[in-house]
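This report refers to the structure that appears directly beneath it.
The values are calculated or read from the model by the stated rules, or taken from the named source; none is laboratory data. In this text the structure is predicted, and so the values were computed from the model without any measurement. Cβ atoms come from the backbone with ideal geometry, glycine included; neighbour counts cover every protein chain shown. With ligands, DNA and RNA removed, areas are computed over all heavy atoms of the protein, side chains included. Shrake-Rupley method; radii C 1.70, N 1.55, O 1.52, S 1.80 Å.
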Amino acid sequence: MGGVSPKEYRASVAAHVAAILRAEREKRSLSMNALAERAGLSQQMVSYVEREMRNPSLDILLRITGVLQLELSQVLQRAEKAALRSLSVS
């Protein structure tokens, strides 16, 4: 991570997780309401997660990735790689 602070790294990973979840939802042509209903969450919570206004719990992440048929570990790996790329460019 070089000269990047742990706080910057965590924020970047979180931002990339949010972006991945939103992109995957949109790729499946799911509205926030549809995703929320299937995951047993409020539409507001899905919106908060996608807009990085909340740090989702493990339970919420598992519910969302389950509906999207994604493995959470793969989402996290993708987010970490993207964060490292973006932080090393800055």
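The long axis of helix 58-67 is offset from the longest Cα principal axis of the chain by roughly 60 degrees. Projected label points at residue 72 and residue 15, each 7 Å from Cα along the beta carbon direction, are separated by 2.4 nanometres.
Using a 7 Å offset from the Cα along the Cα-to-Cβ direction at both residue 27 and residue 44, what is the distance between the two label points in nm, to one decimal? So the two model labels end up 3.0 nm from each other.
Do me a favour and compute the ellipsoid semi-axes for the chain from its Cα gyration tensor, root of five times each eigenvalue, largest one first, whole Å.
Values: eigenvalues 124, 31, 23 Å².
For the chain, the semi-axes come out at 25, 12, 11 Å.
Using C-alpha pairs under 8 Å with a sequence gap of at least 6, the mean separation divided by the residue count of the stretch 1-70 gives a relative contact order of 31 percent.
Of the heavy-atom accessible surface of the chain (probe 1.4 angstrom), what whole percent is carbon and sulfur?
Values: 2880 of 5670 Å².
C and S fraction of accessible area: 51 percent.
Only DSSP H runs of four or more residues enter the estimate; each adds -39500 (n - 2.57), and after division by the residues of the chain the mean residue ellipticity at 222 nm equals -23500 deg cm²/dmol.
Give the angle, between 0 and 90 degrees and rounded to the nearest 10, that separates the Cα long axis of helix 6-27 from the longest principal axis of the Cα atoms of the chain. Helix 6-27 and the main axis of the chain meet at about 40 degrees. Between 0 and 90 degrees, the angle of helix 72-89 with respect to the longest Cα principal axis of the chain falls at about 40 degrees. On a per residue basis, the chain carries 63 Å² of accessible surface, using protein heavy atoms and a 1.4 Å probe.
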